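Colleague: Pasting in a structure now, in structure tokens, and then I'll have a few things to ask.
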């Protein structure tokens, strides 16, 4: 099971619920491993708009109805 006992952001929790790994997201989005890791573990981290768009493009392949608001307070 993914995410057990780990501090997770909304993005990280979404990945865990959908069985999608951080590495999968790195490969699908083209965003660096460090940035994805921070976005998945730090609930207060807000990536740049450009990075958010790359992440959303990859995530929407799984859930086309997801929006930035689901992951970040913008």
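Colleague: For the chain, what does the equivalent ellipsoid look like in terms of its semi-axes, each the square root of 5 times an eigenvalue of the Cα gyration tensor, given largest first in whole Å?
Modeller: Equivalent ellipsoid semi-axes, largest first: 16, 14, 12 Å.
Colleague: Given Cα pairs under 8 Å that are at least 6 residues apart, what percent is the relative contact order of the stretch 10-66?
Modeller: Averaging sequence separation for qualifying contacts and normalising by length gives 32 percent for the stretch 10-66.
Colleague: Moving on to the next point. Add -39500 (n - 2.57) for each DSSP H run of 4 or more in the chain, then divide by its residues: what number comes out at 222 nm, to the nearest 500 deg cm²/dmol?
Modeller: -14500 deg cm²/dmol
Colleague: What length, rounded to one decimal in nm, is gained on full extension from residue 63 through to residue 7, with 0.36 nm per residue of separation minus their alpha-carbon distance?
Modeller: Fully extending the segment from residue 63 to residue 7 adds 17.9 nm.
Colleague: Please compute the length gained on full extension between residue 27 and residue 48, using 0.36 nm multiplied by the number of residues separating them and subtracting their Cα-Cα distance.
Modeller: Extending this stretch completely gives an extra 5.7 nm.
Colleague: Between residue 74 and residue 18, what length in nm is gained on full extension when 0.36 nm per residue of separation is reduced by their alpha carbon distance?
Modeller: The span from residue 74 to residue 18 would gain 17.8 nm if fully extended.
Throughout, read-outs are computed from the coordinates displayed, never taken from laboratory work. From a predicted model like this one, the values you see are computed outputs, not experimental measurements.
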